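Visitor: The structure that follows is given in the form of structure tokens.
The values are calculated or read from the model by the stated rules, or taken from the named source; none is laboratory data. Just so it is clear, the structure is predicted and the values come from calculations on it, not from any experiment. With ideal geometry, Cβ positions are generated from the backbone for all residues, glycine too; neighbour counts draw on all protein chains shown.
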């Protein structure tokens, strides 16, 4: 799915503010694209909270 122009402008502004960083697509030796996912976690004294799905 492609982003609309408003979304692209917002992402560009966030990138210019150094809040996000753009990286090139990872490609395997076979030439296939690599999928990658990460989680953001908040750790408190009582619990661990995963803030991403």
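Visitor: Kindly evaluate residue 8 against the criterion of being loosely packed, with under 10 Cβ neighbours inside 10 Å, modelled with pLDDT under 95 and on the phi < 0 side of the Ramachandran plot.
Guide: no
Visitor: Please verify whether residue 52 is touching a residue at least 12 places away in the same chain (Cβ under 8 Å) and surrounded by fewer than 10 Cβ atoms within 10 Å (Cβ to Cβ), treating the condition exactly as stated.
Guide: Answer is yes for this residue.
Visitor: Condition test on residue 41, is it surrounded by 10 or more Cβ atoms within 10 Å (Cβ to Cβ), touching a strand residue (DSSP E or B) at 6+ places or on another chain (Cβ under 7 Å) and at pLDDT below 95?
Guide: Here the answer is yes, as residue 41 does meet what is asked.
Visitor: Being outside any loop (DSSP other than H, G, I, E, B), over 20 Å from residue 53 (Cα atoms) and more than 12 Å from the chain's Cα centre (by Cα) is the filter here, so list the residues in the range 15-43 that pass it.
Guide: 16, 27, 33
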